[in-house]
Amino acid sequence: MEDIYRRIDTDPRFHALARARSRLGWTLSAAVLLAYFAFIFAIAFAPDWLAQPLHAGTVVTTGILAGVLVIVLCVSLTGVYIWQANRRYDGQNRAIVDDASRAP
Amino acid sequence: MNRQNTFVTIATLALLGFAGTASASIGEAIHNMFTLPANTGAINTKAVSMFFGFVLISLSITVWAAKRTKSTSDFYTAGGNIGGFQNGLAICGDWCSSAALMGVAALIYSTGFDGLIYSVVPFGAWPLMMFLLADRLRNLGKYTLADIVSLRLARVPIRTLVAGASLAFVVGYLIVQMVGAGTLISNLFGLNYEMAQVIIGVLIVLYVAFGGMIATTYVQLIKAVLLLSGATFIVVAVLAKFGFSLNGLYQAAVDNHPLKTGVMQPGGLLPDPVNAISCGVMLIFGGAAMPHVLMRFFTVPDAKEARRSVAWAATFIGYFYLLTFVIGYGAIAFVMKNPDFLDAKGIIIGGPNMAAIHLSEAMGGDLLLGFISAVAFATIVAVVAGLTIAGASAISHDIYANIFRHGKATDAEVVKVSRIAALGLGVLGIVLGIAFKGQNIAYLIVLPFTISSTVFFPVLFLTMYWRRLTTTGVVVGGWLGLATGILLLVVGPTIWKDILGNAAPLFPYKYPALFSMTVTFVTMIVVSLLDKSERAKAELASFDDQFVRSQTGLGAEGAVQH
């Protein structure tokens, strides 16, 4: 097993895959954290902005819409990640592991 | 096999004996079981029969699961054979405690928008779990969080820290659930409080000790389906009253509530920016690293199914949180001015926690009330079962098998200790539930989340991502962070001022997570960098293998073939 680990570790495709996956993970995490802390900061610093009605004649406020959007954003980004991981990374991963396991 | 049966019999007898003596007024309690709260006087046979239906089904599953629970792998991870979709539902069951249904509805009922914050903010944990932890957790893990951290680092000190913190987490969370459950169930079924504790405790021990992770998973699954369908039904019924106009519902809520348009805007729940950020940090990072939830990642065969689990869990939980946007305001619209649900002084019967339950009666009469009551009960039982199995695995796998027996215990011994641990935790839950009766325990929920964000998240994160991390770094940083978190909680406004009655808190913020988590991260990094020991060099050298395994899944614990 150690030998296979060593061979995978020297495979440039492996490091390219790890980098691509981590870039996607970190980009999406940054987007989520940004949306979250924007929401929390708005509650702490700009409650009046969240209190505004969306348009004349409604009681639904910016705050309600923001809450819904944060939840929807999180579910969608989770979907983006799994879609990418299943479509691209799993196949590449299998190829790298298979090659390393087959090598003499 | 025979010895196991003997143990099962003794445990059952012990439990029954305990159940018999724990409540002096058992006869009265049984009598009360068939009557609803005094104000109605009517026998809600529908609620009681649905409650018994759930108990019967879950116990039958336990009997079925018990036959399949033989090895430690069966006990902790259901043999690693759960599919991503089922696991996603089960995670939803672990995550959505009664606080998510009744607690959030109660907060919205009382304060409006501020209650919604509790629906939105904890959800941030889900995408983070997916992006940063899910694949690696499954590829590195076996039964518990400590397995991952001690892959590369020293077994005994690491397991002592992680298992100790896990038990503190489980016990803190357990008290909150048990006390909440006792109050709720005595309200729902007219049962006395102590009796409610005993019933929950006995059921949990039966599920976990005999059915292990298989029974726990199916209890979670059933609970999640019941919770989601019950909540959906209420939401459709509420919206139908307003011709499916959200604005109509919110208008009615604004008209009914003394805060008027105040229910649609933030109202000072998070009073200052530091508290707000610290609370956000606690909920997002603490939520992403809860041991009873992360343990569920080890029940699926591989990283792909782990990702599917998170995607389904996030979808179901997100959907459920969106439903609370309607349920909470629906309660304001249909319960707040309805004399059926108010006492002589115009205050909601049973307290704001009953808002969602009353709403179900307003929407669907006795039948829906009975159904939602049974759902509430199932919700509590399922969450407590999840916590109990997480605690039992920390005791049997981390402490007994790895610390005391140095990995030399046989499978059968470890399973036996797991069952005893589940029994012990069930009894402890009952005792603590009764001890904390009538106390304001809301502050206790901050404890597990603080532990999770202060210990589990930083330790797991650096284990997976940082090459230079050493055992000494984790041990010093983990214990120091844990001590800081608990100390700041004790001398903070909630305990030091409100509970102990001192004039002013020594630490000004309600949520210490921002500070204690920083202490853990900084200490772990600094101590690891200063660690020049031979062990540290070996740990540094072993990172590459761990990295390859975490990325590729090669060498990961596989599903057991049955």
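The values are calculated or read from the model by the stated rules, or taken from the named source; none is laboratory data. Values in this document were obtained by computation on a predicted structure and should not be read as measured data. Glycine gets a Cβ as well: all are built from the backbone with ideal geometry, and neighbour counts include every protein chain shown. What goes into the accessible areas is simple: the full protein's heavy atoms, side chains included, and nothing from ligands, DNA or RNA. Shrake-Rupley method; radii C 1.70, N 1.55, O 1.52, S 1.80 Å.
What's the average, rounded to a whole number, of partner chain beta-carbon atoms within 10 Å of each residue's beta-carbon in B:274-282? Don't skip to the answer; put the middle values down first.
Details: counts 1, 1, 7, 4, 0, 3, 8, 3, 0.
Per residue, the average neighbour count from other chains is 3.
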Hand me the GluC sites (Glu not before Pro) from the range B:462-562 located in a DSSP loop with no more than 15 other Cβ atoms within 10 Å, in residue order please.
none
Over the Cα atoms of the protein assembly as shown, what Rg and Dmax result, in angstrom?
24.8, 84
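With all protein chains present, how much of the accessible area of chain B (probe radius 1.4 Å) comes from carbon and sulfur, to the nearest whole percent? Please list the in-between numbers first.
Details: 12860 of 19020 Å².
Of all accessible area on chain B, carbon and sulfur atoms account for 68 percent.
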Calculate how steeply helix B:246-256 sits against the longest principal axis of the alpha-carbon atoms of chain B, using the helix alpha-carbon long axis, and give the answer as 0 to 90 degrees to the nearest 10.
70
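If you wrap a convex hull around the alpha carbons of the range A:64-104, what volume per residue comes out, as a whole number of Å³? It would help to have the intermediate numbers written out before the result.
Numbers: hull volume 1.7 nm³, N = 41.
So the per-residue Cα hull volume is 41 Å³.
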Pairing the Cα long axis of helix B:84-95 with the longest principal axis of chain B, what angle in degrees results, from 0 to 90 and rounded to the nearest 10?
70
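Using a simple charge model, +1 on the beta-carbon of Lys and Arg, -1 on the beta-carbon of Asp and Glu, nothing else, what dipole does the range A:2-102 show about its Cα centre, in debye to the nearest 20? Please report the intermediate quantities before stating the final value.
On the way: 10 positive and 8 negative charges, 55 e Å.
Value, rounded to 20: 260 debye.
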In deg cm²/dmol, rounded to the nearest 500, the helical mean residue ellipticity at 222 nm of the protein assembly as shown, built from -39500 (n - 2.57) for every DSSP H run of length 4 or more, is -23000 deg cm²/dmol
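Treating only the Cβ atoms of Lys and Arg (+1) and Asp and Glu (-1) as charged, compute the dipole magnitude of the protein assembly as shown about its Cα centre; round to the nearest 20 debye. Walk me through the intermediate numbers first.
On the way: 43 positive and 33 negative charges, 248 e Å.
The calculated dipole for the protein assembly as shown is roughly 1200 debye.
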Taking just the C-alpha trace of the range B:329-430, give me its Rg and Dmax in Å.
21.9, 65
Taking the dipole of the protein assembly as shown about the Cα centre (Lys, Arg +1; Asp, Glu -1; charges at Cβ), the one of A:Ala38, B:Pro266, B:Leu368 that reaches farthest to the positive side is A:Ala38
May I ask you to work out the translational diffusion coefficient for the range A:1-56 at 10 °C, viscosity 1.306 mPa s, via Stokes-Einstein with Rh from the Kirkwood sum over Cα pairs, reported in whole µm²/s?
106
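Only helices at least 30 Å long along their axis, Cα-based, and averaging -1.0 or more on Kyte-Doolittle count here, so list those DSSP H runs from chain A.
Working: long enough: A:12-45 (48 Å, 1.02); A:62-84 (32 Å, 1.95).
Helices meeting the criterion: A:12-45, A:62-84.
How much of the pair distance distribution for the range B:38-159 lies past 22 Å, counting alpha-carbon pairs only, in percent?
Numbers: 4513 of 7381 pairs.
Distances greater than 22 Å cover 61 percent of the Cα pairs.
What number, in percent, do you get for the relative contact order of the range A:2-102 if the mean sequence gap of Cα pairs under 8 Å and at least 6 apart is divided by its residue count?
On the way: 49 pairs, mean separation 38.5, N = 101.
Across the range A:2-102, relative contact order equals 38 percent.
Per residue of A:21-34, what is the mean number of Cβ atoms on other protein chains within 10 angstrom of that residue's Cβ? List each step's numbers first, then the result.
Values: counts 3, 4, 0, 1, 9, 2, 1, 5, 5, 1, 2, 9, 5, 0.
Other-chain Cβ atoms within 10 Å of each residue's Cβ, averaged: 3.
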Aspartates and glutamates whose Cα lies under 18 Å from that of B:Lys241, excluding same-chain neighbours fewer than 8 positions away:
B:Asp255, B:Glu361
With Rh as the Kirkwood radius over Cα pairs, the range B:416-524 has Rg/Rh of 1.07
Please list, in order along the range B:119-131, the HN-Hα scalar couplings obtained from phi with the Karplus expression 6.51 cos²θ - 1.76 cosθ + 1.60 (θ = phi - 60°), rounded to whole Hz, x for Gly and Pro.
8, 7, 5, x, 5, x, 4, 5, x, 4, 4, 5, 6
In degrees between 0 and 90, to the nearest 10, how far off the longest principal axis of chain B does helix B:211-241 point, with axes built from Cα atoms?
40
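So what are the range B:320-377's ellipsoid semi-axes, whole angstrom, largest first, if each one is the square root of 5 times an eigenvalue of the alpha-carbon gyration tensor?
Numbers: eigenvalues 64, 38, 20 Å².
Here the semi-axes work out to 18, 14, 10 Å.
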Log entry: pair-distance distribution for the range A:2-102, C-alpha pairs binned every 10 Å from zero, whole % per bin is 13, 29, 21, 16, 12, 7, 2
Farthest toward the dipole's positive end in the protein assembly as shown, which of B:Ala394, B:Phe449, B:Ser550, given Cβ charges of +1 (Lys, Arg) and -1 (Asp, Glu) about the Cα centre?
B:Ser550
With the dipole of the protein assembly as shown defined by +1 on each Lys or Arg Cβ and -1 on each Asp or Glu Cβ, the option from A:Leu69, B:Gly212, B:Ala146 whose Cα lies farthest towards the positive pole is B:Ala146
Mean shadow of chain B, computed from the convex hull of its alpha carbons, in nm²?
25.4
Give the long-range amide H neighbours of B:Leu342: residues separated by 5 or more places, or on another chain, with amide H under 5 Å away, using H modelled in the peptide plane at 1.01 Å from N.
B:Ile349
Under 15 Å from a label point 7 Å along Cα→Cβ of B:Asp544: give me every residue in the range A:62-104 with its amide N that close.
none
